[in-house]
1. What is the gain in length, in nm to one decimal, between residue 24 and residue 44 on full extension, counting 0.36 nm per residue of separation less the C-alpha to C-alpha distance?
2. Provide 28, 124 in ascending order of the number of other Cβ atoms located within 10 Å of each residue's Cβ, fewest first.
3. In whole angstrom, note down how far apart the Cα centers of the range 235-259 and the range 1-18 are.
4. Please report, in debye to the nearest 20, how large the charge dipole of the range 17-164 is about its Cα centre when each Lys and Arg carries +1 at its beta carbon and each Asp and Glu carries -1 there.
5. Report the rotationally averaged projected area of the range 10-124 based on its alpha-carbon convex hull, in square nanometres.
6. Which semi-axes, in whole Å and largest first, does the equivalent ellipsoid of the range 75-134 have when worked out from the alpha carbon gyration tensor as the square roots of 5 times its eigenvalues?
7. For 239, 24, what's the fewest-to-most ordering of other Cβ within 10 Å of each Cβ?
8. Hey, which of these cross-link pairs are over 24 Å Cα-Cα: 144/255; 255/291; 44/135; 45/269; 47/78; 45/135?
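A short reminder: the numbers here are calculations on the coordinates, not readings from a lab. Please read these numbers as outputs of a predicted model, since none were measured by experiment. Cβ coordinates were reconstructed from backbone atoms using ideal geometry, including for glycine residues, and neighbour counts include every protein chain displayed.
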Amino acid sequence: MGWIRVSDDFYDNDKFSEVGPLGVALHFAAMGFCNRNLTDGFFKKNKARLFLDFDGIGITTSQSDCFGVGVDGDDAVKLVIEWMMASELWHECGHGCEECHSREDGGEPGGDEYLIHDYLKFQFSRQEIEEKAEKARARKEAWKARQAVERSSEQRSERGKNGVRNAAGTLAEHDNPTPTPTPTPTPTKDSFFVPQNESLGGSPKPGTSPEPESASAPRCARHPYGNPEDENCRGCKRVKDAEKAQELQAEIAEKAARTAAAERRRNCKLCGGSGWIDLPDDSGVIDCECKTPIPNLQLVHDATNQRRSAS
């Protein structure tokens, strides 16, 4: 979405006083059309009648003591367009405005066109808008490329660290490749989970270092060090069922979080759903808060608005 530039004292111009409020409304509608379609102020004559809906709007052209005479609908549109020509807010083919003729493109509309007076004096041209958009696209692509390189470097570094840790763990396991725990479990009625570092009436053989399969997972009271023989144990089954239930809950929570994040980005008013925000000095882009929470993002957004207002 773009904006047209209009000064707050525009109505001090006598031309707007000549065309009245209907002419002002039609003029700004035409400017919005030209800015949105990058026409540099040119637009078709048949399009001018469609900018605004004049149905039900009447214009009194003459008034007597008893009654008045006027036009409405399409005739009202034609009358307002005539006012635009007479006030020289708009030009048609063969106009004599030297300021508009001094434009690089000649400022001469075709036989089926109108031209907004001094359009390029206050609004951006098609070339300027396209160049600015291309520069912004190039900045974003360069920033994304840098981020990809940094992420790749971090991943390689993390894989290297994991390799060192895995190698160290493998050496430690080689010291005692076949631990042989010999516990003598004496579970109570209510015992279901037992701490990993407590005995149940027995102890490992001297010289062995029994370790559970997972340091964090709870174990059945009968098999505190795991169930390598995969016996049909109800306690172990309950443990596995509990672990699966926890994993399912984690997956559901993660899916809900991803859905909420996607919805938050689609409805974001700062970046319009792109996930990126230009820096105030046009030096790059940053992640929008809908993508990655950034404490100073609002400050950057405010600075961007201030810069645009100043320009």
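1. That pair, residue 24 and residue 44, stretches by 5.4 nm at full extension.
2. 28, 124
3. The two parts, judged by their Cα centres, are 63 Å apart.
4. Working: 20 positive and 27 negative charges, 355 e Å.
For this selection, approximately 1700 debye.
5. Over all viewing directions, the range 10-124 projects a mean Cα-hull area of 8.0 nm².
6. Listed largest to smallest, the semi-axes of the range 75-134 are 25, 14, 10 Å.
7. Numbers: 239 20, 24 16.
Fewest-to-most Cβ neighbours within 10 Å comes out as 24, 239.
8. 144/255; 44/135; 45/269; 45/135
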